Amino acid sequence: MRISVPEISKQIYPNDIRDILENKYDVLGPLWVGIQLEWMNDVYVSFKDHEKFMIIIFLINKTLHFYSRNFTKLTFDEFYSKDTVEIEKFSIIEIVKNIKIPKESARRKVIELEKAGIIKKIKKKIIVDRSAFPFIIPINSVKRISRFLSLLSEMLAKEKILKNSLSSAELNNTIVENYSFIWKNYYDMQIPYQLKYKNVFSDLETFHIYGSCIVNQHLFLQNSKHISENRIDFIDSMYSTNAMQGINAMSISDITGIPRATAVRKLNKLVKMNFLNIDKKKHYRVTKFSVNKLTPLQDSVLDLLADFSSKVYNSAIL
């Protein structure tokens with residue numbers, strides 16, 4: 001049997017991808033932040049509680065790491081062939097450390113998940129029962145990521161970093177066939193991403209709402225004539241465009257699924273933080289202060305995205 005040995009020289013490095021993300025931000029940035037908002041919207045559907053979902057994906061990711069350590073690779077269909085996922089033993093302290101929530105909150109949320117039948121102990125096994133809550137099988141997330149990576153691959157090919165661009169279908173197939181490995185890396189990107197922003201906003205609902213305002217301004221700016229390719233200039237263009245359109249509380253509630261009363265409370269918090277301002281029409285816009293404050297954080301988030309993207313590409317080409 002002939003064995004195909006990957007050619008090390010063909011691998012794609014995160015640093016090369018990172019440069020493209022920075023310099024072609026006018027196209028890639030709005031697309032990616034839109035994908036992230038859609039993911040957060042899907043997350044909120046499950047429990048109306050971001051932290052409970054974070055606990056679940058943290059536990060599932062422990063299982064994905066177990067598969068990887070033991071050279072087990074499951075396809076998308078294999079991973080979702082059952083409603084249950086066996087997970088490793090865990091402690092409340094482990095959740096506190098990795099999800100960054102207070103000990104009593106972690107304990108209470110785990111108990112609530114157990115009472116709801118989502119986390120179960122069956123003899124010596126601990127399982128997550130996906131049938132016990134409206135878990136969204138990430139078919140759309142895989143498609144969105146495939147489209148984004150296909151567009152990015154075209155830019156990489158133009159710069160001779162990638163020999164040929166990859167179609168959405170090719171990348172979708174790569175993710176589906178190598179699902180447990182790639183989704184481990186996806187969660188390795190998403191969990192730190194969420195926690196980095198939670199550290200700034202104190203809770204993920206507030207970040208979720210701020211993110212919807214960012215997406216609104218990104219999309220408005222992308223469709224305007226005031227646009228620059230690289231990230232810094234693109235962001236600066238937000239404040240040189242007097243016609244920048246804001247978004248109201250009702251629209252934010254409709255987009256995120258967060259109840260209007262909660263959305264208004266979080267919006268008021270963001271105004272007090274000087275992260276948003278509000279006009280006479282009660283439309284909210286992000287402030288220059290907030291974007292400047294978050295720029296170093298966004299740098300590290302783009303590093304995470306570049307690392308994840310390189311792993312998907314290398315799975316496809318090597």
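The values are calculated or read from the model by the stated rules, or taken from the named source; none is laboratory data. Being a predicted model, the structure only gives us computed values, none of them experimental. Reconstructed Cβ throughout: ideal geometry from the backbone, glycine too, with neighbour counts over all protein chains shown. Side chains are part of the model used for accessible areas, which takes the heavy atoms of the whole protein and leaves out ligands, DNA and RNA. Shrake-Rupley method; radii C 1.70, N 1.55, O 1.52, S 1.80 Å.
Numbers for the structure displayed
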{"item": "Relative contact order computed over the stretch 42-126 (Cα-Cα under 8 Å; 6+ residues apart), in percent", "result": "28"}
{"item": "Share of carbon and sulfur in the accessible heavy-atom surface of the chain [1.4 Å probe, %]", "result": "52"}
{"item": "Relative contact order, percent, the chain [alpha-carbon distance under 8 Å, six or more residues apart]", "result": "27"}
{"item": "Stokes-Einstein D for the stretch 1-125, Kirkwood Rh over Cα pairs, 25 °C, 0.890 mPa s (µm²/s)", "result": "135"}
{"item": "At most 15 other Cβ within 10 Å, DSSP loop - trypsin sites (Lys or Arg not before Pro), the stretch 101-150", "result": "Lys123, Lys124"}
{"item": "Accessible-area value, Leu221, 1.4 Å probe, nucleic acids and ligands omitted, Å²", "result": "0"}
{"item": "Accessible area (Å², 1.4 Å probe, nearest 10) - Asp254", "result": "120"}
{"item": "Computed helical MRE - 222 nm, the chain, DSSP H runs ≥ 4 contributing -39500 (n - 2.57), nearest 500", "result": "-21500 deg cm²/dmol"}
{"item": "Stokes-Einstein D for the chain, Kirkwood Rh over Cα pairs, 10 °C, 1.306 mPa s (µm²/s)", "result": "76"}
{"item": "Separation between Cα centres of the stretch 248-283 and the stretch 190-204, rounded to whole Å", "result": "19"}
{"item": "Helix runs (DSSP H) in the chain reaching 24 Å along axis by Cα, Kyte-Doolittle at least 0.0", "result": "25-47, 50-69, 139-158, 204-222, 288-317"}
{"item": "Spatial extent of the stretch 239-318: Rg and Dmax, with the Cα atoms as the point set, Å", "result": "17.3, 56"}
{"item": "Alpha-carbon centroid distance for the pair the stretch 134-152 / the stretch 36-101, whole angstrom", "result": "17"}
{"item": "Dipole magnitude of the chain about its Cα centre (Cβ charges: Lys, Arg +1; Asp, Glu -1), debye to nearest 20", "result": "1080"}
{"item": "Net charge over other residues, Cβ less than 13 angstrom from the Cβ of Leu113 (K, R count +1; D, E count -1)", "result": "+3"}
{"item": "Per residue value of the accessible surface for the chain (all protein chains in place, 1.4 Å probe), Å²", "result": "50"}
